[in-house]
Amino acid sequence: MTSRDDRYLTIIRDALHVCLDYKPKFGRRKKDGYSIEEFQALYEADPFYNWFGLDSPLLYVAHKAAGGITSVYRQIGIACERVFRRILQDALGLTDEQSKWKYTVPTARGEERTLSLDARIPLADISTPSKADGVRKWFEQASVFVKLTQDVSKELHGAVFEVRQGYKSKDSKRQNADISNAANAYAHHYLPVLLLFSLQIDEDIADRYVRSQWLLLKGSLTGNAMNSTYVFCREVLGYDLAGFFERTSPIIRREVDQMIQRLLE
């Protein structure tokens, strides 16, 4: 493995290790969750739950497994976001601040709310001319692909990314927020990109993002830089992200197997 492999693998492992100590919270505000002993004391003290036998250790294991798997997906998503942002920094010579994007919107109370997306490519901050030319050419092609007018395309300063491991939820609130993010991205002269590391997205959801003029990159090994995350990384950023996962897959799989076993104990 290369030194870049080591850096990106460390980001992934650090995120996954958060799941090792997962404990279910049972709808309460206990920050660290409940141990099995605390859970049984809690449910045994509740007459109704006690009558139904819900203080069973098997129920605790079921809660721990269900919530823990959700935590695994969440931490994988966080790892993907962090790895992609670091790839942008390494490939394009960006600082951590340059690779992030946030904006403010007014509220009905006259205050300001700060919102953000996961990553950014600001054209003006790319330090290597040849890299900047390659990214600019991709922008031109992407603008045509999402059917932007020539006037809008000429005003783009870069791209902003919402990065996810996959899109397995039909949460309309999340979708509406992203549609709003796209409108604000265009208002700030950025192309909004939904970048998925996997192929997991419902077709109806994908259609809604595309209709809102998001560029959608899925985790396909084939295709082009307009529709594939891995082709985009290889051809535009000059980094073989799929190759990285192929090289490190045995290590990552072992970590995930250990976590799942721990959650089922």
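A short reminder: the numbers here are calculations on the coordinates, not readings from a lab. All figures in this text were calculated on a predicted structure; none of them were measured in a lab. Positions of Cβ are backbone-derived with ideal geometry, glycine not excepted, and every protein chain shown enters the neighbour counts.
Couple of notes before you dig in:
- G158 long-range amide H proximity, modeled H, under 5 Å: L123, L191
- Longest to shortest principal axis, alpha-carbon extents of the range 36-83, angstrom: 48, 15, 14
- Subtracting the Cα-Cα distance of E203 and R136 from their residue separation scaled by 0.36 nm leaves 21.2 nm.
- Here is the list for the range 39-117: GluC sites (Glu not before Pro) lying in DSSP coil, each with at most 13 other C-beta atoms within 10 angstrom of its C-beta, are E97, E111.
- Rel. contact order, % - alpha carbon contacts under 8 angstrom, at least six apart, the chain: 17
- Expressed as a fraction of 2.2 N^0.38 Å, the value expected for a compact globular protein of N residues, the C-alpha radius of gyration of the range 1-131 is 1.57.
- Of the peptides 98-105, 244-251, the ranking by mean beta-carbon count within 10 Å, highest at the top, reads 98-105, 244-251.
- The charge dipole of the chain, taken about its Cα centre with unit charges on the Cβ of Lys, Arg, Asp and Glu (plus for the first two, minus for the last two), comes to roughly 240 debye.
- If you wrap the tightest convex hull around every Cα atom of the range 93-219 and split its volume per residue, you get 121 Å³.
- Rough spin-label spacing in nm, given labels placed 7 Å along Cα→Cβ, for S56 and M1: 4.1
- Computed [θ] at 222 nm, helices only, for the chain once each DSSP H run of length n ≥ 4 contributes -39500 (n - 2.57): -17500 deg cm²/dmol
- Test item: Cα-centred dipole of the range 93-219, Lys/Arg +1 and Asp/Glu -1 on Cβ, debye: 160
- Amide H to amide H distances under 5 Å link S228 with K218, where only residues 5 or more positions off or on other chains count and H is placed in the peptide plane.
- Cα pair count fraction exceeding 34 Å, expressed as % - the chain: 30
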